[in-house]
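The values are calculated or read from the model by the stated rules, or taken from the named source; none is laboratory data. What you see is a predicted model; the values in this text were computed from it and never measured. Heads up, the Cβs are rebuilt from the backbone with ideal geometry, glycines too, and the neighbour counts pull from every protein chain shown.
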Amino acid sequence: AFLGYAFYASGYFLAQSQGIQVEQFNYGLWPPFAGIFYGTIGEGRIINGPVWFVMALFWTFLLGYVINTHLRSEALKWIAVLVISGLGLAIADRHTLPFSGVAALSALVFFQAGYWFKNNDPLRAIGNDKRWLIFALLFAISLFSQLNGFVGFGEGIVGNPAWFLLFAFVGTAMVVLLVQLADHHCGWLAFVGRYSLSIMLIHMLIIKSVKVLLTGALGTSMQVIDNDVGLGLLVFGLASLMLLPAVFVMERYLPYTLGKWPAASKHSPASP
């Protein structure tokens with residue numbers, strides 16, 4: 001979060017020193033700083049968009065840990081999860097909570113479902129033919145997802161909570177099935193999974209940087225890039241390439257920004 005703000009602040013002061021008027025800097029310095037603790041996407045108070053997800057993920061994991069550690073009964077666990085997630089979905093279009101609290105509460109039901117699936121995996125005994133059939137059925141259901149309209153979880157936009165949960169679980173199940181069916185061809189996903197936190201935290205900063213460079217190099221606008229498929233693919237390709245050295249630097253030299261510690265510190269000379 002602070003890294004994203006540092007990008008913003010450096011650009012802000014550079015524009016001020018050169019007398020350049022940049023619309024994105026009209027928010028000033030304090031609202032984006034407050035957005036580190038209390039902000040949502042699209043309102044100008046959060047600079048590095050993906051940060052909302054990381055904060056929500058932290059609180060969701062914490063809630064999930066407390067529930068699964070201190071409640072023994074499976075029924076009580078699900079009651080607690082459904083009540084908390086129901087509260088999040090109920091206030092989702094109406095209120096903003098610190099540290100992406102609305103998304104964190106709403107996401108708890110997905111966390112618990114994933115935890116249950118990990119321990120039970122009902123698909124384990126099903127053959128591939130039946131998995132493809134289930135996948136096709138879920139895909140057919142997903143075609144009706146527009147019934148719920150636009151959804152922006154980070155912005156607290158969920159539409160109808162029942163439709164939202166249905167289509168969210170359908171999409172999640174499709175991804176799980178597809179990965180299981182294509183297991184031998186998904187080895188490259190291990191890299192993405194291993195460094196997902198680094199990628200999640202900085203990908204938007206890199207994407208925005210690539211877009212800014214392209215607007216200058218091609219003499220076009222950000223809006224044109226956002227609405228052009230070819231330029232969008234170019235942004236995706238360049239950003240993916242730039243992510244590789246960026247992730248390497250973060251993992252190797254800035255691990256503490258990810259809540260990690262250098263390997264050397266884990267095995268100090270004083271360790272037995």
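When each of ALA140, ALA125 is tested for being assigned by TED's automatic domain parsing to the domain that holds LEU177, in a loop (DSSP other than H, G, I, E, B), surrounded by fewer than 16 Cβ atoms within 10 Å (Cβ to Cβ) and of a type outside the set (Lys, Arg), the lone residue that passes is ALA125. Looking only at residues of the range 169-198 that are surrounded by fewer than 14 Cβ atoms within 10 Å (Cβ to Cβ) and among the β-branched types (Val, Ile, Thr), we find that the one that is nearest to ASN148 (Cα to Cα) is VAL175.
Can you find a residue in the range 170-188 that is in contact with a Leu (Cβ under 7 Å, 6 or more places away or on another chain) and either aromatic (Phe, Trp, Tyr) or outside the structural domain of LEU123 (by TED's automatic domain parsing) (or both)? No, the conditions are met nowhere in the range 170-188.
Residues in the range 54-98 that are surrounded by fewer than 19 Cβ atoms within 10 Å (Cβ to Cβ), under 18 Å from the mean Cα position of the chain (by Cα) and modelled with pLDDT under 90: VAL54, LEU57, PHE58, THR96, LEU97, PRO98.
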